[in-house]
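Participant: Once you've had a glance at the structure underneath, I'll fire off some questions.
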Amino acid sequence: MLRYFQFKLIRWSTLLIFAGCVPLDQATTSLSTGSSGTKKLELDNRAYEENVKTVRLYPQQDSYDEVIQPAVIPLQTNRNLILEFDQLYGDFQSYYARLIHCDANWEKSRLNNNDFLSQFNDFPITDYQYSFGTRIPYVHYRWIVPSVKRTGNYIIKVYRQGNEADLILTRRFMVYDNRVQIDALVGMSDGITERDFNQQLNFSVRYPDLTAMNPLEEFNVVIRQNKRWDNLLDQLPPTALKEDLRTIEYRYFNLENNFQGGNEFRFFDLRSINVLGQNIASLDRKENRVDAFILKDELNIHRLQGTFQDINGEYVIDNLETDPANITSDYVFVHFFLKSPPISESIFVLGALSDWQSTDENLLTYDSQLEGYTKTILLKQGWYNYMYYMPESNDPYHFEGSYFETENLYEIFVYYRPIGALADQLVGYSNIVHNRRP
């Protein structure tokens, strides 16, 4: 469960210099609200227009702050997934959604619509609300994802006014049926020099109720860390097959099953635009926009690992002054500043706020006058985790550090495709929180 931290009023002495990086009176209402150019369908988490923001997909929950749970549900469940997103500026638009069934490698499967759906695969999104009292107006959309008949990987495709080529967003989710048993343990790396930095998953898969003619070929395992798609492990070959026990083992000795532990995430509290939340240095409120300046960030070598509770890179939309948060929370221009000399690798602000993707929208640029890297990202009010990440570097966690003790969420997906089948089945799912905080 998310635990909020107390407010702390802190000022950064060089804030006024940093504030000059982005003109506060710069026009902010130029975001596109219509189709723009050719849109290529990607079977990934994507927003195809810049005015589509804060896309969330999560299982129906009893408490609002549990929207950080993975978009993974069992086949037999009375809870559906919920899709939410905002369309900035403009008026209500007519959106539709379709589901696409995918194989384990996120390519479209050979199944027909009626193989995985009991309904016509064209769903209007009719639940919407206009924002109230916000400087940046938006329409908030909500859609209950229909139940499906088959396990596997799925894509939600949202498009405008019945034109499937006019894409708005795509989002991944998974449906499983536990027909295998997964025994997994997160431990210390077998590598001597990696033991303090990496986390290793050893696991086995038992399939007593499945008829597998060639289990080494018919099963495929994928491991994900903190709901990320950019560093997952897939195509892991089994290390042993015990046919008498109907068990496949995955225990490696060359770091194939290792993840860097990383560090506990940085965070800021943007639940208020009237009072400084924790790690917010300053707020600049104008009639048509709000700018929030995060406290200066530096290398994490002086920050004690594991001294606070994070939410594993996620964010929660919330508003301390008004309710409900989903339509009264404002969009804020959040300014990041990382104190560092220039380096050759690209640096990104990474987390669920960027869909765990490294793009121009979250790429930092170097400012020689400030002697550091800056980035401004438009975000909805809430509580945010983030980190600075260099995906092309040999040391991607250079600014964060990496520790075996870091709390991380791991998910194991077991796919099964018997000979002659048209698609992969997701027959096993397990999640483990390593070093869970009390």
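The values are calculated or read from the model by the stated rules, or taken from the named source; none is laboratory data. Computed from a predicted structure; not experimentally measured. We place every Cβ from the backbone using ideal geometry, glycine too, and count neighbours over all the protein chains shown.
Participant: Which strands (runs of 3 or more DSSP E) does segment 204-277 wholly contain that include 2 or more residues that are without any contact (Cβ under 8 Å) to a residue 60 or more places away in the chain? Outline the logic, then answer.
Facilitator: Working: elements: 219-225, 240-242, 247-250, 258-260, 266-269.
In segment 204-277, 240-242, 247-250 are the strands (runs of 3 or more DSSP E) which contain 2 or more residues that are without any contact (Cβ under 8 Å) to a residue 60 or more places away in the chain.
Participant: A follow-up question, please. Which pairs do you get when a residue that is over 15 Å from residue 100 (Cβ atoms) and modelled with pLDDT of 95 or more, found in segment 136-154, comes within reach of a residue that is surrounded by fewer than 21 Cβ atoms within 10 Å (Cβ to Cβ) and of a type in the set (Val, Ile, Thr), reach meaning Cβ atoms under 6 angstrom, with the pair 6+ apart or on two chains?
Facilitator: 140/327; 141/125; 143/125
Participant: Here's something else I'd like to know. Only one of 87, 60, 76, 6 is farther than 14 Å from residue 171 by Cβ and modelled with pLDDT of 95 or more; which?
Facilitator: Going through 87, 60, 76, 6 in turn, just one is farther than 14 Å from residue 171 by Cβ and modelled with pLDDT of 95 or more: 87.
Participant: Sticking with this structure for a sec: Residues to consider are 198, 178; find the one that is farther than 30 Å from residue 327 by Cα, touching a residue at least 24 places away in the same chain (Cβ under 8 Å), surrounded by fewer than 18 Cβ atoms within 10 Å (Cβ to Cβ) and under 25 Å from the mean Cα position of the chain (by Cα).
Facilitator: After applying the criteria, what remains is 178.
Participant: Still on this structure: Give segment 403-438 a look and list any residue that's under 21 Å from residue 100 (Cα atoms) and of a type in the set (A, V, I, L, M, F, W, C), or say none.
Facilitator: Selection gives 413, 414, 421, 422, 423, 426, 427.
Participant: All but one of (1) within 22 Å of residue 89 (Cα to Cα); (2) surrounded by fewer than 18 Cβ atoms within 10 Å (Cβ to Cβ) hold for residue 334, so report the exception by its number.
Facilitator: (2)
Participant: Suppose we filter 309, 357, 305 for residues that are modelled with pLDDT of 95 or more and either assigned to a loop (DSSP other than H, G, I, E, B) or in contact with a helix residue (DSSP H, G or I) (Cβ under 8 Å, 6 or more places away or on another chain) (or both); which single one remains?
Facilitator: 357
Participant: Looking at residue 377, is it modelled with pLDDT of 95 or more, assigned to a strand (DSSP E or B) and either in contact with a Lys or Arg (Cβ under 6 Å, 6 or more places away or on another chain) or surrounded by fewer than 19 Cβ atoms within 10 Å (Cβ to Cβ) (or both)?
Facilitator: Spelling it out, residue 377 is indeed modelled with pLDDT of 95 or more, assigned to a strand (DSSP E or B) and either in contact with a Lys or Arg (Cβ under 6 Å, 6 or more places away or on another chain) or surrounded by fewer than 19 Cβ atoms within 10 Å (Cβ to Cβ) (or both).
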